[in-house]
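Right, one structure below, let's go through it.
What follows is calculated from the coordinates using simple rules that are stated; it is not laboratory data. Computed from a predicted model, the values in this text were never measured in an experiment. Here Cβ is always computed from backbone atoms with ideal geometry, including for glycine, and neighbour counts include all displayed protein chains.
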Ligand SMILES: O=C(O)CCC(=O)C(=O)O
Ligand SMILES: [Fe+2]
């Protein structure tokens, strides 16, 4: 896993000329490099550079990944396959915990689903108290797996609304539930609200793997979890719906995908 962090650092250390070849603000591109969220477009900019790319099935995407550093594809590819396996184990356990039967169709869609990697780099920041690497958000995914080289990830404690720093344990992965799992579970699981904070001394790298269904597969609330006492709380949506939302909204202004999916009962 650490080799994935190392090769990610090596990518960000490349001359800007090399990296900007992949630069794009088009959120539908399968591989893109950028700064902040949508650089130059969103009103508020964040202290981050990133590389995003699709990763599953690996052979469909790997040829589009950076050729430089020369071992990027090999090392990041190995990491992607490892976390894909882990994500399936966790997803199966989560689905089982909802006691849903006859969900072979869902299992298959999860196995064949999208894996998007966000490789984030947060340079040291002279005034970390007044800036953020990424603003508060929840991920659109069913499940997200994150690996970091320094602490910085904070999650919102829903009980009291305070931020809690995720401890940095070398070698440990952070797994959290995203919007599409909240939808599936009809709100029994809540999508984790999180943000990336900064530090003065170190360049922080995080590798986020976002697992969802296929681009046009819709995630809907499990019928078994809906009855008279528990009405359906969310509209169905696909990963493509999220990308369209991202292209035309600024999450730093507090617009959340999950809020758009909530059914209003008033
Ligand atoms: O860098 C982090 O800790 C958070 C990254 C993140 O939330 C994301 O890529 O969606
Ligand atoms: Fe996130």
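The table below lists the values:
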quantity	calculated
Per-pair calculated FRET efficiency, R0 = 25 Å: residue 130 and residue 25 via Cβ, rounded to 0.05	0.45
Helix 2-13 vs. the chain, principal-axis angle (Cα, 0 to 90°, nearest 10)	60 degrees
Label-to-label distance, nm, for residues given as residue 101 and residue 89 (7 Å Cα→Cβ offset)	2.8 nm
Gyration tensor (Cα) of the chain, equivalent ellipsoid semi-axes in angstrom	30, 21, 18
Additional length obtainable on full extension of the chain from residue 14 to residue 160, 0.36 nm per residue less Cα span	48.3 nm
Cα-projected label distance for residue 260 with residue 203, points at 7 Å along beta-carbon direction, nm	3.4 nm
C-alpha long axis of helix 239-248 to longest principal axis of the chain, angle in °	60 degrees
Between 0 and 90°, nearest 10: helix 72-97 axis offset from the chain longest Cα axis	20 degrees
Gaussian network model of the chain, springs between alpha carbon atoms under 10 Å - residue of 203, 144, 16 with greatest fluctuation	16
Calculated FRET value between residue 32 and residue 70, using beta carbons and R₀ = 25 Å, to 0.05	0.75
Calculated FRET value between residue 2 and residue 59, using beta carbons and R₀ = 30 Å, to 0.05	0.75
